[in-house]
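*Asks:* Dropping the structure in here first, questions after.
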Amino acid sequence: MSDPRTAREAIALVADDFTELPYGEEPLAGDGPIGWPGYADAHARAAERTGETESVVCGTGTVCGVRVVLISFEFRFLGGSLGERTGARAAAAHELARARRLPVVVLPATGGSRMHEGMRALLQLQYLARESALTRAAGLPQVAVLRNPTTGGGWATLGAGSDVVLALPEAQVGFAGSRVRPQDADPAAYTAEAQLAHGHVDAIVPPDELRTTLGRWLGLLTRPAEGPVPPPHALSAPGTGPAASGREAVAHARHPDRPRAPAYLDAHFTLREEISGDRCGGVDPGMRCGFGRLPDGRTVAFAAQCGTATRPAGFRTAARLVRLADRLGIPVLTLVDTPGAANDPAAEYAGAGPAIADLFAAVATAGVPLTSLLVGEGGSGGALALAAPDNLWATPDSYFSVIAPELAASILKRTPEESDTTADQLRLRPQDLLDLGVVRGIVKP
């Protein structure tokens, strides 16, 4: 069953007001560009049934105080399909967004390209992808709210191409619509919930929470802080002083009561929203990425390791976050805390090396200021990939090492009992890192 809301009702669900664009369209000529028999009559019946003249409604509105451009699909109009006039309207909406420096909010409910217009309809996907790319290059955020259904080219351009992708519960979401899938396909794979689980959707939001959630996102994405931002204060466990040895530094970082990244995020931000997934089929719960509001009302992007071995999906999600923040001019805070990159066969199959390389590249080429705080374990390259060059700080209960002491002992053909001695030799304590010029300072509680 499709979303019962019309295009205008979907707009009213999120926006406080709405002003429609003047389209200036010519009446549909005959049976369209390929002369599909009966197309003119079908188009006229759709207009009479819906009160609309096309499958998309575009204009400007206000969402929780943020002025935006809205693109909302009318599924009752020929299945919300994309034809030439649909593409022209959406393109004009993007052009207006760039001219007025406004975010774009897309509310898709579509079955894909319009067969009645043949390849002329399919070509709209290229045009829409180009408009979205131009808006992205202009540094303007794009947020999609997936309605039921969101399939075909509408999903593969305006939907999946958005910076942040939200979805209504149980919405049908997938490139393949219900009538063109393999007969034995599991319908659960084509849902918003499945897309979330596999890293293609950021959050599923109930309708009664949608306006507030979308408003938070828009507020965060349009009010960047001026960077570089200072590192958070330490949340070290009571009684944690300077480590007297490498083995003690490792013990502090691995203490079960030591504060982890979520505690730092809670203390540092007044509110936050998180992205989810690497857009390549994976999600790593041990990498938290998103945008947070500072007490002064400005936004900082964050990527935070949570103490687990970081998986390829985690590195790719962090790279996605850094690049998004860079496009929007939002400074980035990273919290480093991992024993290292995941090294099991599944991680290698998923591309651990390329994922780490991509994050290194994203951090190295970011034009916005980056600040990093080592809050626990700094295990080799899996931790360094998330660290800002020349702006890394450390908490008193942390360590950073070229390799974990146990692994170093193994490589050196030492016994496991000698890992403590190896830890001392690696000079991995916060004060050692400061002496070596690896960190800029040790933050205080």
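The values are calculated or read from the model by the stated rules, or taken from the named source; none is laboratory data. It should be emphasised that the depicted structure is a prediction, and the values quoted were computed from it without experimental measurement. Reconstructed Cβ throughout: ideal geometry from the backbone, glycine too, with neighbour counts over all protein chains shown.
*Asks:* Looking at region 267-274, can you tell me whether even one residue there is crowded, with 19+ Cβ neighbours inside 10 Å and assigned to a loop (DSSP other than H, G, I, E, B)?
*Replies:* yes
*Asks:* Of the residues LEU210, LEU214, LEU166, only one is in contact with a helix residue (DSSP H, G or I) (Cβ under 8 Å, 6 or more places away or on another chain), in a helix (DSSP H, G or I), surrounded by 20 or more Cβ atoms within 10 Å (Cβ to Cβ) and in contact (Cβ under 8 Å) with a residue 40 or more places away in the chain; which?
*Replies:* Numbers: LEU210 fails: surrounded by 20 or more Cβ atoms within 10 Å (Cβ to Cβ); LEU166 fails: in a helix (DSSP H, G or I).
After applying the criteria, what remains is LEU214.
*Asks:* So is ALA303 in contact (Cβ under 8 Å) with a residue 60 or more places away in the chain, under 25 Å from SER401 (Cβ atoms) and part of a strand (DSSP E or B) or not? Even if it seems obvious, please write down each step before you answer.
*Replies:* Numbers: in contact (Cβ under 8 Å) with a residue 60 or more places away in the chain: yes; under 25 Å from SER401 (Cβ atoms): yes; part of a strand (DSSP E or B): yes.
Criteria met by ALA303.
*Asks:* To continue, here is another question. Which residues, counting only those in region 9-27, are touching a residue at least 24 places away in the same chain (Cβ under 8 Å), out of contact with any strand residue (DSSP E or B) (no Cβ under 6 Å at 6 or more places or on another chain) and of a type outside the set (Asp, Glu)? Break it down stepwise before answering.
*Replies:* Step one: of region 9-27, the residues touching a residue at least 24 places away in the same chain (Cβ under 8 Å) are 10-11, 13-21, 23, 25.
If we keep only those that are out of contact with any strand residue (DSSP E or B) (no Cβ under 6 Å at 6 or more places or on another chain) as well, we get 13, 23, 25.
Result: LEU13, TYR23.
*Asks:* A further question on this structure: Go over the candidates PRO405, PRO354, PRO339 one by one and state the one that is more than 25 Å from THR299 (Cβ to Cβ), in contact with a helix residue (DSSP H, G or I) (Cβ under 9 Å, 6 or more places away or on another chain) and surrounded by fewer than 20 Cβ atoms within 10 Å (Cβ to Cβ).
*Replies:* On the way: PRO405 fails: surrounded by fewer than 20 Cβ atoms within 10 Å (Cβ to Cβ); PRO339 fails: surrounded by fewer than 20 Cβ atoms within 10 Å (Cβ to Cβ).
Criteria check complete, one pass: PRO354.
*Asks:* May I ask you to list the residues in region 390-402 that are part of a loop (DSSP other than H, G, I, E, B) and either touching a Leu at 6+ places or on another chain (Cβ under 8 Å) or more than 21 Å from ASP337 (Cβ to Cβ) (or both)?
*Replies:* Kept after step one, since they are part of a loop (DSSP other than H, G, I, E, B), are these residues of region 390-402: 390-391, 395-398, 402.
Result: ASN391, THR395, SER398, VAL402.
*Asks:* Check LEU82 against each of (1) more than 21 Å from ALA12 (Cβ to Cβ); (2) touching a residue at least 60 places away in the same chain (Cβ under 8 Å); (3) within 25 Å of the chain's Cα centre (by Cα) and name the one condition it does not meet.
*Replies:* Unmet for LEU82, out of (1) more than 21 Å from ALA12 (Cβ to Cβ); (2) touching a residue at least 60 places away in the same chain (Cβ under 8 Å); (3) within 25 Å of the chain's Cα centre (by Cα): (3).
*Asks:* Output the number of residues of region 117-153 satisfying the condition of being within 19 Å of the chain's Cα centre (by Cα), surrounded by 22 or more Cβ atoms within 10 Å (Cβ to Cβ), not in a loop (DSSP other than H, G, I, E, B) and not small (Gly, Ala, Ser).
*Replies:* Of the residues in that region, 6 qualify.
*Asks:* Looking at region 251-263 only, could you name the residues that are in a helix (DSSP H, G or I), touching an Asp or Glu at 6+ places or on another chain (Cβ under 8 Å) and either under 26 Å from PHE291 (Cα atoms) or of a type in the set (A, V, I, L, M, F, W, C) (or both)? Working first, answer last.
*Replies:* First, pick out the residues of region 251-263 that are in a helix (DSSP H, G or I): 251-253, 261-263.
Going one step further and asking which of them are touching an Asp or Glu at 6+ places or on another chain (Cβ under 8 Å), we end up with 252-253, 261.
Selection gives ALA253, ALA261.
*Asks:* Hey, does region 366-381 have a residue that's touching a residue at least 24 places away in the same chain (Cβ under 8 Å), of a type in the set (A, V, I, L, M) and in a helix (DSSP H, G or I)? I'd like the intermediate steps shown before the answer.
*Replies:* Applying the first criterion (touching a residue at least 24 places away in the same chain (Cβ under 8 Å)) to region 366-381 yields 366-381.
Subsequent filtering for residues that are of a type in the set (A, V, I, L, M) retains 366, 368, 370, 373-375.
Those still in the list that are in a helix (DSSP H, G or I) too: none.
No; the residues of region 366-381 include none that is touching a residue at least 24 places away in the same chain (Cβ under 8 Å), of a type in the set (A, V, I, L, M) and in a helix (DSSP H, G or I).
*Asks:* Further question on the same structure: Tally time: how many residues in region 104-116 are buried (at least 24 other Cβ atoms within 10 Å of the Cβ) and in contact (Cβ under 8 Å) with a residue 60 or more places away in the chain?
*Replies:* Step one: of region 104-116, the residues buried (at least 24 other Cβ atoms within 10 Å of the Cβ) are 104-112, 114.
Next cut, in contact (Cβ under 8 Å) with a residue 60 or more places away in the chain only: 105, 107, 109, 111-112.
Matching residues across region 104-116 total 5.
*Asks:* Scan THR222, THR334 and give me the residue that is closer than 30 Å to LEU102 by Cβ, among the polar types (S, T, N, Q), crowded, with 24+ Cβ neighbours inside 10 Å and under 19 Å from the mean Cα position of the chain (by Cα).
*Replies:* Numbers: THR222 fails: crowded, with 24+ Cβ neighbours inside 10 Å.
Matching residue, one of THR222, THR334: THR334.
*Asks:* What is the number of the single condition among (1) farther than 22 Å from GLY215 by Cβ; (2) crowded, with 24+ Cβ neighbours inside 10 Å that ARG76 does not meet?
*Replies:* Only one criterion in (1) farther than 22 Å from GLY215 by Cβ; (2) crowded, with 24+ Cβ neighbours inside 10 Å is unmet by ARG76, namely (2).
One line per residue, one yes/no per condition, for (1) aliphatic (A, V, I, L, M); (2) touching a strand residue (DSSP E or B) at 6+ places or on another chain (Cβ under 9 Å); (3) closer than 30 Å to ALA251 by Cβ:
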position: PHE291; (1), (2), (3): no, yes, no
position: VAL300; (1), (2), (3): yes, yes, no
position: GLN305; (1), (2), (3): no, yes, yes
position: PRO312; (1), (2), (3): no, yes, yes
position: ALA341; (1), (2), (3): yes, yes, yes
position: PRO389; (1), (2), (3): no, yes, yes
position: ALA394; (1), (2), (3): yes, yes, yes
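*Asks:* Filter region 171-187 down to the residues that are modelled with pLDDT of 80 or more and more than 22 Å from PHE75 (Cβ to Cβ), then identify the one that is surrounded by the most Cβ atoms within 10 Å (Cβ to Cβ).
*Replies:* The initial filter retains those residues of region 171-187 that are modelled with pLDDT of 80 or more, namely 171-175, 182, 186-187.
Cutting the leftovers down to more than 22 Å from PHE75 (Cβ to Cβ) gives us 182, 186.
Numbers: PRO182: 7, ASP186: 10.
Residue satisfying both the conditions and the ranking: ASP186.
*Asks:* Under the condition of being charged (D, E, K, R), assigned to a helix (DSSP H, G or I) and in contact (Cβ under 8 Å) with a residue 40 or more places away in the chain, which residue from region 410-431 is surrounded by the fewest Cβ atoms within 10 Å (Cβ to Cβ)? Outline the logic, then answer.
*Replies:* First, the residues of region 410-431 that are charged (D, E, K, R): 413-414, 417-418, 420, 424, 427, 429.
Narrowing the set further to residues that are assigned to a helix (DSSP H, G or I) leaves 417-418, 420, 424.
If we keep only those that are in contact (Cβ under 8 Å) with a residue 40 or more places away in the chain too, we end up with 420, 424.
Numbers: ASP420: 17, ASP424: 19.
My answer is ASP420.
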